[in-house]
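Below: one structure, written as structure tokens.
The values are calculated or read from the model by the stated rules, or taken from the named source; none is laboratory data. Values in this document were obtained by computation on a predicted structure and should not be read as measured data. Cβ atoms come from the backbone with ideal geometry, glycine included; neighbour counts cover every protein chain shown. Accessible surface areas use protein heavy atoms only, side chains included; no ligands, DNA or RNA. Shrake-Rupley method; radii C 1.70, N 1.55, O 1.52, S 1.80 Å.
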Amino acid sequence: MALTPAPLPRGEGSRKNQSKTQNFIAQEHGGRCPPYERTMINENSEIILSVRDLRATVDGTEILKGLNLEVRAGEIHAIMGLNGSGKSTFSKVLAGHPDYEVTAGEIQFKGQDLLELDPHDRATAGIFLAFQYPLEIPGVSNRDFLRVAFNAHRKARDEDEIDVFDFDDLIEEKLDVVKMDASFLDRSVNEGFSGGEKKRNEILQMALLEPALSILDETDSGLDIDALKTVAGGVNQLANADNAVVLITHYQRLLDYIIPDFVHVMADGRIITTGGKDLAKQLESRGYEWVLEEFRAGVTA
Amino acid sequence: MSASVQTLVSQPYKYGFTTDIEADAIPRGLSEDVVRMISAKKNEPAFMLEFRLKAYRKWLTMKEPAWPNVKYPPIDYQNIVYYSAPKTQPKKLGSLDEVDPTMLETFEKLGIPLSEQKRLANVAVDAIFDSVSIATTYKEKLAESGVIFCSISEALQEHPDLVEKYLGTVIPIGDNYFAALNSAVFSDGSFVYIPKDTKCPMDLSTYFRINNGDSGQFERTLIVAESGSSVTYLEGCTAPMYDSNQLHAAIVELVAMDDASINYSTVQNWYAGDENGKGGIYNFVTKRGLCAGRNSKISWTQVETGSAITWKYPSCVLVGDNSVGEFYSVALTNNMQQADTGTKMVHVGKNTRSTIISKGISAANSKNSYRGLVKIGPKAIGARNYSQCDSMLIGDTSSANTFPYIQVQNSTAQVEHEASTSKIGEDQLFYFAQRGISPEDAVSMIISGFCRDVFNKLPMEFAAEADKLLALKLENTVG
């Protein structure tokens, strides 16, 4: 087995299997599966993210040890793995968190060298990270925060900023995506929000900013089943042929609601195997040990 | 990134220029002769000289306060110039045309146009340069409503009875070390008198500028609001950048009679010294308001951003029944700045009420302390106080302290105190950045959110300015 899983295997995630999986899920959940009409995976679609041999450290400790990943427009990827495998670190490195230092490798985002951009320029270029623990910002209203963020994106595209009134119309529309009440807008960002409300607020921001690449870091953690469905429904609604989603998750549960085209398993700072939707199911029933063993066998072989 | 947290706070001070103008200054040092000389130069009435000499003798017996949470080398009071006035200034100005054009330019540069054509709409300005008042705008218009707005030197010539009646009644000459010093040597300041049942037709404003590197500034402001009157007063301050420290020891006294109200706002932007703590103003100021009448109200709003050291407690003495005292404050410290600031609310009359909202922001290696006293006297039946003190830390090396003192001498009083401390951390800024918002904008949003309760109390045009000022002061702290 090759150390690096690129090029990515197709098949499991192809469109043919997609519809089968779709029916299966729909049955399992009494047909209450969220609307899921994604456009076909197109092998020739634009490469949104290309990560090569990425190595990164935090406080001098190497966490990412040669990670490879390619994400094209229209795809949904899930990255699974045990605690400490480097999943969250990867998401922070993509977004440019200052605590993480990239020591080797490269990240191309839509043909651009991502590592050269400041965190806020990465955001306006189209990278969105839904945080595992969204921060509270007392004194800054959600509405102002969203408007300033939205206008920062417009400015980066050389578009005029929109005024308060036009923004209010726009944001009312977006509230539907996550079934949020307008009263949320006038509260301070995430302050006093429940876990579920915080996660919905993240998806609201995603809906507003329409990123090319959304990375959802453990978005399912701490959600009850209804909140999970709402959040997943929002993500499904926003996924289209021009953008891509990377889900970082521990559990298979989220993948019942957001169907990935590819499932990657991370261990020790790299992706050790890649499969389709079924891989997640296997991990759910058999745990991670067999994957790790296979990987070790492959390495030593 | 914590090194970069610092970079955002350090924006060059843009008012640090010096005006090259010949000054009429008296020799350094302080003695009875100097006090007499100041009084003589200003051609003051006899009572004023007596007042000054009494204060000077009192000062000699007093000691500099050691209790504030600030540190500085001993001040050599004999090495300060106690009077400095621009030489070209005629004794009394017939019109603005006689003001030295360099001086007009200076104020123009500071954004305070004094010339007739460019006056601030609906704000009357008294501009004070080193020790003297340069010009007071809109004087005639104010006089139509009976409002007196002039320099205190002029008031001593034109309205000596009023000055004698009120000067030192709120802050006695021996109140504290710096108040005694001010009472002995004060050079100029503003005088405001609002007659009975008069709403002052425009906002009044004093703009203080220290220019001379060796001179101290000791100004004195006295505002009297007669029964049923009201006034809004704004104070702004800047100074050039010098390596040495300048002493600013001012006094502001407010008197409000029955049903009168005074709103006093300060945007203080004295030079704060460089990032190593070299230079900057020592701002040792005594401000106190007396709610003498029933239903009177005094409200202090301050935005403190400058000075190497701030020692200042704008206070209210609530004597009249049902009188109201308010204190809204934002104090920002950066680099090596030290601030020990707060308020005193002294409840004497029945059903008196006071509100304290204090927001302290400290960045870099600065020290920011809130010190406040709420005192409810035995006769202050039904008195109420609400205090809220919030601190925000930027970076890991700044400090914030809160020292609340509460003395209650009767059981009908209600006193509430709330306090909080928060921190602008890298993770918060990363969250903003991840949504496309630059660190500068993020800090400015967090700070204005934090200060909103106070900024809402500032007059409109000053609120916008205060917002900008804070953002500027914090530029490069984070990022």
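Residues being under 11 Å from the mean Cα position of the chain (by Cα) and more than 14 Å from every other protein chain (Cβ to nearest Cβ): count how many of those fall in segment A:91-103.
0
Look at A:Leu129 and say whether it is within 11 Å of another protein chain (Cβ to nearest Cβ), open to solvent by 20 Å² or more (accessible area, probe 1.4 Å), in contact with a helix residue (DSSP H, G or I) (Cβ under 7 Å, 6 or more places away or on another chain) and touching a residue at least 40 places away in the same chain (Cβ under 8 Å).
Considered against the rule, which asks whether it is within 11 Å of another protein chain (Cβ to nearest Cβ), open to solvent by 20 Å² or more (accessible area, probe 1.4 Å), in contact with a helix residue (DSSP H, G or I) (Cβ under 7 Å, 6 or more places away or on another chain) and touching a residue at least 40 places away in the same chain (Cβ under 8 Å), A:Leu129 comes out as no.
Tally the residues that are open to solvent by 10 Å² or more (accessible area, probe 1.4 Å) and either in a helix (DSSP H, G or I) or not hydrophobic (A, V, I, L, M, F, W, C) (or both), restricting the search to segment A:55-86.
13
Does segment A:141-162 hold any residues that are more than 11 Å from chain B (Cβ to nearest Cβ) and either part of a helix (DSSP H, G or I) or surrounded by 22 or more Cβ atoms within 10 Å (Cβ to Cβ) (or both), and which are they? Write out each step before concluding.
Within segment A:141-162, the first condition is being more than 11 Å from chain B (Cβ to nearest Cβ), and the residues that meet it are A:142-143, A:158-162.
If the condition is that a residue be more than 11 Å from chain B (Cβ to nearest Cβ) and either part of a helix (DSSP H, G or I) or surrounded by 22 or more Cβ atoms within 10 Å (Cβ to Cβ) (or both), then A:Asn142, A:Arg143 are the ones that fit.
Let's see how each residue does on (1) under 25 Å from B:Glu140 (Cβ atoms); (2) exposed (fewer than 15 other Cβ atoms within 10 Å of the Cβ); (3) modelled with pLDDT under 90:
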residue	(1), (2), (3)
B:Ala55	no, no, no
B:Glu64	no, yes, no
B:Pro68	no, no, yes
B:Tyr82	no, no, yes
B:Ala85	yes, no, yes
B:Gly94	yes, yes, yes
B:Glu98	yes, yes, yes
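Would you point out which residue out of A:Ile258, A:Ile248, A:Ile203 is surrounded by 24 or more Cβ atoms within 10 Å (Cβ to Cβ), within 14 Å of chain B (Cβ to nearest Cβ) and of a type in the set (A, V, I, L, M)?
A:Ile203 is the lone residue from the list that is surrounded by 24 or more Cβ atoms within 10 Å (Cβ to Cβ), within 14 Å of chain B (Cβ to nearest Cβ) and of a type in the set (A, V, I, L, M).
Could you please let me know if B:Val192 is open to solvent by 10 Å² or more (accessible area, probe 1.4 Å) and under 17 Å from the mean Cα position of the chain (by Cα)?
Taking the combined requirement at face value, the residue does not satisfy it.
Report every pair of residues separated by at least 6 positions or lying on different chains whose Cβ atoms are under 9 Å apart, first residue within segment B:205-222 and more than 10 Å from B:Asp188 (Cβ to Cβ), second at pLDDT below 70 and among the acidic types (Asp, Glu).
Within 9 Å, the pairs are B:Arg209/B:Asp130; B:Ile210/B:Asp130; B:Asn211/B:Asp130; B:Asn212/B:Asp130; B:Gly213/B:Asp243; B:Ser215/B:Asp130.
Looking only at segment B:206-232, which residues are over 18 Å from B:Ile281 (Cα atoms) and open to solvent by 10 Å² or more (accessible area, probe 1.4 Å)?
Listed by number, the residues that qualify are B:Glu226, B:Ser227, B:Gly228, B:Ser230, B:Thr232.
Report the residue count in segment B:388-401 for those that are under 17 Å from B:Cys451 (Cβ atoms), assigned to a strand (DSSP E or B) and of a type outside the set (A, V, I, L, M, F, W, C).
3
Give all pairs with beta carbons closer than 9 Å in which a residue from segment A:103-114 that is farther than 22 Å from A:Gly60 by Cα and of a type in the set (Gly, Ala, Ser) meets a residue that is open to solvent by 70 Å² or more (accessible area, probe 1.4 Å) and outside any strand (DSSP E or B); count only pairs at least 6 apart in sequence or on separate chains.
A:Gly111/A:Glu46
Based on what the data block shows, is A:Phe165 surrounded by fewer than 22 Cβ atoms within 10 Å (Cβ to Cβ), within 14 Å of chain B (Cβ to nearest Cβ) and not small (Gly, Ala, Ser)?
Values: surrounded by fewer than 22 Cβ atoms within 10 Å (Cβ to Cβ): yes; within 14 Å of chain B (Cβ to nearest Cβ): no; not small (Gly, Ala, Ser): yes.
Taking the combined requirement at face value, the residue does not satisfy it.
When the residues of segment B:383-438 are filtered to those that are within 26 Å of the chain's Cα centre (by Cα), among the β-branched types (Val, Ile, Thr) and open to solvent by 10 Å² or more (accessible area, probe 1.4 Å), which remaining residue is farthest from the other protein chains (Cβ to nearest Cβ)?
Selected residue: B:Ile406.
Just for segment B:261-292: of the residues that are among the hydrophobic types (A, V, I, L, M, F, W, C) and within 13 Å of the chain's Cα centre (by Cα), which one is nearest to B:Leu222 (Cα to Cα)?
Checking each candidate, the answer is B:Val285.
Look at A:Gln237 and say whether it is among the polar types (S, T, N, Q), in a helix (DSSP H, G or I), more than 30 Å from A:Ala156 (Cβ to Cβ) and open to solvent by 20 Å² or more (accessible area, probe 1.4 Å). Don't jump to the end; show me each part of the working.
Details: among the polar types (S, T, N, Q): yes; in a helix (DSSP H, G or I): yes; more than 30 Å from A:Ala156 (Cβ to Cβ): no; open to solvent by 20 Å² or more (accessible area, probe 1.4 Å): yes.
The answer is no for A:Gln237.
In segment A:163-196, which residue that is part of a helix (DSSP H, G or I) and of a type in the set (Phe, Trp, Tyr) is farthest from the chain's Cα centre (by Cα)?
Result: A:Phe165.
Does B:Thr169 satisfy the condition of being of a type in the set (S, T, N, Q) and either open to solvent by 10 Å² or more (accessible area, probe 1.4 Å) or modelled with pLDDT of 95 or more (or both)? Step through it out loud before you land on a result.
Values: of a type in the set (S, T, N, Q): yes; either open to solvent by 10 Å² or more (accessible area, probe 1.4 Å) or modelled with pLDDT of 95 or more (or both): yes.
In short, yes.
What residue, of A:Ser183, A:Ser221, is of a type in the set (S, T, N, Q), free of Cβ contacts under 8 Å to residues at least 60 places away in the same chain and surrounded by fewer than 17 Cβ atoms within 10 Å (Cβ to Cβ)?
Numbers: A:Ser221 fails: free of Cβ contacts under 8 Å to residues at least 60 places away in the same chain.
Answer to the selection: A:Ser183.
Report yes if B:Lys312 is touching a Phe, Trp or Tyr at 6+ places or on another chain (Cβ under 9 Å) and of a type in the set (D, E, K, R), otherwise no.
Criteria met by B:Lys312.
Just to be sure before I move on: is B:Lys312 at pLDDT 85 or above and charged (D, E, K, R) in the structure I sent?
Numbers: at pLDDT 85 or above: yes; charged (D, E, K, R): yes.
Yes; evaluated as a whole, the condition is true for this residue.
Answer yes or no: is there a residue in segment A:104-116 that is open to solvent by less than 10 Å² (accessible area, probe 1.4 Å), closer than 22 Å to A:Thr219 by Cα and within 14 Å of chain B (Cβ to nearest Cβ).
Scanning segment A:104-116 turns up no residue that is open to solvent by less than 10 Å² (accessible area, probe 1.4 Å), closer than 22 Å to A:Thr219 by Cα and within 14 Å of chain B (Cβ to nearest Cβ).
Which residue out of A:Ala280, A:Ala232 is over 14 Å from the mean Cα position of the chain (by Cα), of a type outside the set (Asp, Glu), buried (at least 22 other Cβ atoms within 10 Å of the Cβ) and at pLDDT below 95?
A:Ala280
Consider B:Val267 against the criteria (1) at pLDDT 95 or above; (2) not in a loop (DSSP other than H, G, I, E, B): it satisfies all of them except one. Which criterion is unmet?
B:Val267 satisfies every listed condition except (1).
For segment B:242-264, give me the residue count where each residue is closer than 17 Å to B:Val81 by Cβ and in a loop (DSSP other than H, G, I, E, B). Walk me through it before giving the result.
Here is the first cut: in segment B:242-264, the ones closer than 17 Å to B:Val81 by Cβ are B:242-250.
Applying the additional criterion that residues be in a loop (DSSP other than H, G, I, E, B) yields B:242-244, B:249-250.
Summing the residues that are closer than 17 Å to B:Val81 by Cβ and in a loop (DSSP other than H, G, I, E, B) in segment B:242-264 gives 5.
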